[in-house]
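Q: Sharing a structure with you now.
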Amino acid sequence: MGLSQDGIFRKLFRIATFALELVFVRSYNYFSRNSGDIPSQFHSLYYSSPEKTWKNTRWMGHRTMKCPLDLWVYQEILFELKPDIVIETGVNEGGGAAFLVSIMDSIGKGKLIAVDIELLENRPVHERITYIKGSSTDEKVVQQIFGMIKENQVILVILDSDHNMPHVLKEMEIYSSFVSKGSYMIVEDSNVNGHPVMPNWGDGPFEAIQEFLTHNDSFEIEKEREKYYMTFNPNGYLKKIR
Ligand SMILES: C[S@@+](CC[C@H](N)C(=O)[O-])C[C@H]1O[C@@H](n2cnc3c(N)ncnc32)[C@H](O)[C@@H]1O
């Protein structure tokens, strides 16, 4: 059954208004880059309301400080890579860890090595998770992780522990060698120190990434992973390309 003349006009009108809207939104985005734009304003609003947002986000009852928009990207990366091992530094209450192993359960593959200086009682217990207590940059911890990895495994690294530049940079130097080619080293919370939140934080993950990339050409920033406008990890999705 064909459309009535009225129906055709309505459809054309919708297509035309949608096209106009797209042109308007894209022009707005283009001209308002880096100038207190809507994504930055929303990011600031989100970050400055922790009791509503990043301190009030749970996966299966476990609190995570990660942003749900990033978790969705994590899910896409996990599905694409189907890693043998994910290493996460910084566990806290373990909502991030719980999320990662839920996706691994759905995929039917993967183990998580989770490192923290303090292992909280309420962290998730799961057969895919091995916890290591200690500093992520401690030689003994690194050796323990090394001993758990086999040759040719697909390895993804997520750095989410101490967010000061010297620590993150040291982690990046150490953990970059664990990442398999084609996989990622995700550096979390590079949004602090004015990118765009907490402008007075001091040098943090964002600056560590900048410094790391001046002398390591095995990784490149994959901006496409920041597709939802707000990410806690700007410039933090680093792909190992060689
Ligand atoms: C941002 S929280 C981790 C959040 C968690 N990944 C999540 O998804 O909710 C940071 C954690 O890093 C831990 N931490 C701080 N310094 C550390 C270090 N040197 N090595 C390992 N963990 C560290 C803290 O104890 C804290 O639990």
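Taken together, the values in this text are just the output of simple stated rules run on the coordinates, not laboratory data. For clarity, every value in this text was computed on a predicted model and none was experimentally measured. Cβ: placed from backbone, ideal geometry, glycine included. Neighbour counts: every protein chain shown.
Q: Which of the numbered conditions does ILE117 fail, given that it passes all the others? Conditions: (1) of a type outside the set (S, T, N, Q); (2) surrounded by 17 or more Cβ atoms within 10 Å (Cβ to Cβ); (3) within 26 Å of PHE212 (Cα to Cα).
A: Checking ILE117 against (1) of a type outside the set (S, T, N, Q); (2) surrounded by 17 or more Cβ atoms within 10 Å (Cβ to Cβ); (3) within 26 Å of PHE212 (Cα to Cα), the one that fails is (2).
Q: On to the next question. Tell me, which residue of region 163-222 that is of a type in the set (Ser, Thr, Tyr) and assigned to a helix (DSSP H, G or I) is surrounded by the most Cβ atoms within 10 Å (Cβ to Cβ)?
A: Filtering region 163-222 for residues that are of a type in the set (Ser, Thr, Tyr) and assigned to a helix (DSSP H, G or I), the one surrounded by the most Cβ atoms within 10 Å (Cβ to Cβ) comes out as TYR175.
Q: While we're on this one: Consider LYS82 against the criteria (1) within 18 Å of the chain's Cα centre (by Cα); (2) surrounded by fewer than 18 Cβ atoms within 10 Å (Cβ to Cβ); (3) within 14 Å of the ligand (Cβ to nearest atom): it satisfies all of them except one. Which criterion is unmet?
A: (3)
Q: While we're here: Can you pull out every residue in region 223-242 that is in a helix (DSSP H, G or I) and farther than 22 Å from TRP54 by Cα?
A: LYS223, GLU224
Q: In the set ILE117, ILE174, ILE107, which member is within 12 Å of GLY90 (Cα to Cα) and without any contact (Cβ under 8 Å) to a residue 60 or more places away in the chain?
A: None of the others qualify; the one that does is ILE117.
Q: Shifting gears a bit: Name the residues in region 138-161 that are assigned to a loop (DSSP other than H, G, I, E, B) and surrounded by fewer than 20 Cβ atoms within 10 Å (Cβ to Cβ), would you?
A: Correct list: ASP138, MET148, ILE149, LYS150, GLU151, ASN152, GLN153, VAL154.
Q: Then there's this: Scan region 60-88 for residues that are assigned to a helix (DSSP H, G or I) and in contact with a Lys or Arg (Cβ under 6 Å, 6 or more places away or on another chain) and jot them down.
A: Across region 60-88, the qualifying residue is only VAL73.
Q: Restricting the search to region 97-120, which residues are more than 22 Å from VAL187 (Cα to Cα) and away from the ligand (no atom under 13 Å from the Cβ)?
A: Within region 97-120, ASP105, SER106, ILE107, GLY108, LYS109 meet the criteria.
Q: Of the residues that sit in region 121-169 and are free of Cβ contacts under 8 Å to residues at least 40 places away in the same chain and of a type in the set (S, T, N, Q), which one is farthest from the ligand (Cβ to nearest atom)?
A: ASN152
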